[in-house]
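Enquirer: I have a structure here, written as C-alpha cells, and I will follow up with some questions on it.
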Amino acid sequence: MPFTELQNELDDRAAQGLLRRRRMLESAQGVRIIVDGQDYLSFCSNDYLGLANHPQLVAALQQGAQQFGTGSGASHLVSGHFSAHQALEQALADFVGKPAALSFSTGYMANLGAVQALVGRGDTVFADKLNHASLNDAMLLSRAEVKRYRHNDMAQLAEQLAQTMSGRKLIITDAVFSMDGDIAPVPELLALCEQHDAWLLLDDAHGFGVLGEQGRGVLSHFRLESPRIIYMATLGKAAGVSGAFVAAEAVVIETLLQNARSYIYTTASPPALSVALLASMSILREEDWRRERLQQLIAQLREGLRGLPWTLMQSDTPIQPLLVGSNESVLALSEDLRACGIWVPAIRPPTVPQGTARLRISLSAAHDAADVAALIEALHELAL
C-alpha cells in the first residue's frame, strides 16, 4: 500500500531527527507567549520590531474590516483590487524608492510570480546556494537555465555571468539570509549586473523594516538605487501584518501584473490588511527607537554568548544563529531551553546544510535587556 511507503518515509525522517511538528500558540505573538498550555520567553518570531500585536495595528485592522469587510471576493484583476490595496502599493513604492510596486499574498508567491514572469527558456538565473526555498522553486519553475554560485562568492558568479552569452540574465538572492543572518554583498552584485547587463532580484524579507533609514531596507542600508534592481519584501515579519510586495521600474511591475501567475490567479488579500499595513508603515517611519534597541540587544547577546562550546555565527541582524552541529544535539539543546521556559527553535537540514544544525535566535525590539540576559544565563548553564 502507498500508505505503508509514506509511513516508512516518516519513520526514517524521525530516526534522523528531522521530523517536524507544529506547536500551538494560545496567545498573541509577542516576547512572552503561551504554547501548548505553557508560558515561554520567545526567541522564535520574525516579529523583529514587536508590531504583530501593536494596538495601533489592531485598531487599523478593525477599522479596515468595518469599511471593506473581511474578504476581497476576487482576484485583483477581476473585482478584488480595492482603494486600500492601491494606496498601500503606492506607499510601499515611495518608501523603498522605486517607481511602482505590486502586492502579493505572500513572499513565496511574490518570488514565484516575479521570476516566472521575467525569465523563461533561453534565459539564465544565477542563484546563491543559500537562497530561500521560494527563490529555488521559482527558478526551477521558470524553465530558465539555472546556475548556482557558492554563498556570496562574487568571483564564481562573475565567471558564470561571463560564460553566459545569450538571453536575459537574472541574479536572485536573499538580501538578509534567513538562517545565517548575514547580508548579501549588494553593491558587488549590482556592479556585476552593470558589467554583464543583468537584473538583480533581492529578497529583503528579513531586512525590510530593520535595515536602512527608517527601516527602508537593504537598498537604503547600502545607499543604492538602480533600475536593474527588482526589490521584494514581506510584510508579515518586521511590518507585523501579512503579505508581500515587489517594487521596481513601472515596466517591470506592469509585466508582473500581466504575467505573474501567482498574482493573476489568486484571490486578493483582504483589504483590511492593507489598512493595517499603512498604519505599520507610519510606525516604521516614526519610531527609530525600535531599530536602535535591536542593535543594543544584538550587541548584548553577542558579547554574552562568548566562550560557549557552540559557535555564534557572524550576523549584524536580529537573526543570531548558534551553530550546534548534529540534529540530535540541537534538538536536545532546544528542549533543555524549553524546560527553562525559553523557546528557541532548532533548525535542521534540509533548511540548512547537513552538519550545520543550529538554534536560530531571533531578537525583537519588544525584548528588553533582562530577556536577553535570561537567555545568555540559560545557555551558559546548559553548557556546563
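The values are calculated or read from the model by the stated rules, or taken from the named source; none is laboratory data. Please read all numbers here as calculations on a predicted model, not as lab measurements. As a convention, Cβ positions derive from the backbone with ideal geometry for all residues, glycine included, and neighbour counts pool all protein chains shown.
Enquirer: Residues of the stretch 129-160 being without any contact (Cβ under 8 Å) to a residue 24 or more places away in the chain and acidic (Asp, Glu), which ones?
Expert: 145, 153, 159
Enquirer: Could you check residue 70 against (1) assigned to a loop (DSSP other than H, G, I, E, B); (2) within 30 Å of residue 214 (Cβ to Cβ); (3) among the polar types (S, T, N, Q) and say which number it fails?
Expert: (2)
Enquirer: Scan the stretch 60-87 residue by residue and report those that are exposed (fewer than 13 other Cβ atoms within 10 Å of the Cβ) and over 25 Å from residue 265 (Cβ atoms).
Expert: 66
Enquirer: Those residues that are of a type outside the set (Lys, Arg), in contact (Cβ under 8 Å) with a residue 60 or more places away in the chain, closer than 26 Å to residue 14 by Cα and assigned to a helix (DSSP H, G or I), I need them from the stretch 331-378; list them, please.
Expert: Within the stretch 331-378, 331 is the sole residue that qualifies.
Enquirer: Now for a separate question. Mind checking which helices (runs of 4 or more DSSP H) fall wholly inside the stretch 200-317 and carry at least 3 residues that are at negative phi, touching a strand residue (DSSP E or B) at 6+ places or on another chain (Cβ under 8 Å) and surrounded by 22 or more Cβ atoms within 10 Å (Cβ to Cβ)?
Expert: 250-259
Enquirer: Would you confirm, using the coordinates I've provided, whether residue 56 is closer than 14 Å to residue 280 by Cβ, out of contact with any strand residue (DSSP E or B) (no Cβ under 9 Å at 6 or more places or on another chain) and loosely packed, with under 15 Cβ neighbours inside 10 Å? Don't jump to the end; show me each part of the working.
Expert: Working: closer than 14 Å to residue 280 by Cβ: yes; out of contact with any strand residue (DSSP E or B) (no Cβ under 9 Å at 6 or more places or on another chain): yes; loosely packed, with under 15 Cβ neighbours inside 10 Å: yes.
Yes, satisfied.
Enquirer: Taking the stretch 18-33 on its own, how many of its residues are modelled with pLDDT under 95 and either under 13 Å from residue 341 (Cβ atoms) or part of a strand (DSSP E or B) (or both)?
Expert: 1
Enquirer: Would you check which residues across the stretch 135-149 are touching a strand residue (DSSP E or B) at 6+ places or on another chain (Cβ under 8 Å) and either surrounded by fewer than 23 Cβ atoms within 10 Å (Cβ to Cβ) or assigned to a loop (DSSP other than H, G, I, E, B) (or both) and list them? Walk me through how you get there before you give the answer.
Expert: The first filter runs over the stretch 135-149 and keeps only residues touching a strand residue (DSSP E or B) at 6+ places or on another chain (Cβ under 8 Å), leaving 135-136, 138-140, 142, 144-149.
The answer is 136, 140, 142, 144, 145, 146, 147, 148, 149.
Enquirer: Does the stretch 108-128 include one or more residues that are hydrophobic (A, V, I, L, M, F, W, C), part of a loop (DSSP other than H, G, I, E, B) and in contact (Cβ under 8 Å) with a residue 40 or more places away in the chain?
Expert: Yes, there is a match, as at least one residue in the stretch 108-128 is hydrophobic (A, V, I, L, M, F, W, C), part of a loop (DSSP other than H, G, I, E, B) and in contact (Cβ under 8 Å) with a residue 40 or more places away in the chain.
Enquirer: Check whether at least one residue in the stretch 329-348 is of a type outside the set (Val, Ile, Thr), under 30 Å from residue 90 (Cα atoms), outside the structural domain of residue 178 (by TED's automatic domain parsing) and in contact with a Phe, Trp or Tyr (Cβ under 6 Å, 6 or more places away or on another chain), and report yes or no.
Expert: No: the stretch 329-348 contains no residue that is of a type outside the set (Val, Ile, Thr), under 30 Å from residue 90 (Cα atoms), outside the structural domain of residue 178 (by TED's automatic domain parsing) and in contact with a Phe, Trp or Tyr (Cβ under 6 Å, 6 or more places away or on another chain).
Enquirer: If you go through the stretch 327-384, how many residues are of a type in the set (Val, Ile, Thr) and farther than 26 Å from residue 292 by Cα?
Expert: Counting residues in the stretch 327-384 that are of a type in the set (Val, Ile, Thr) and farther than 26 Å from residue 292 by Cα gives 5.
Enquirer: Okay, next question. Condition check: part of a helix (DSSP H, G or I) and either under 30 Å from residue 293 (Cβ atoms) or in contact with an Asp or Glu (Cβ under 9 Å, 6 or more places away or on another chain) (or both). Does residue 187 satisfy that?
Expert: Criteria met by residue 187.
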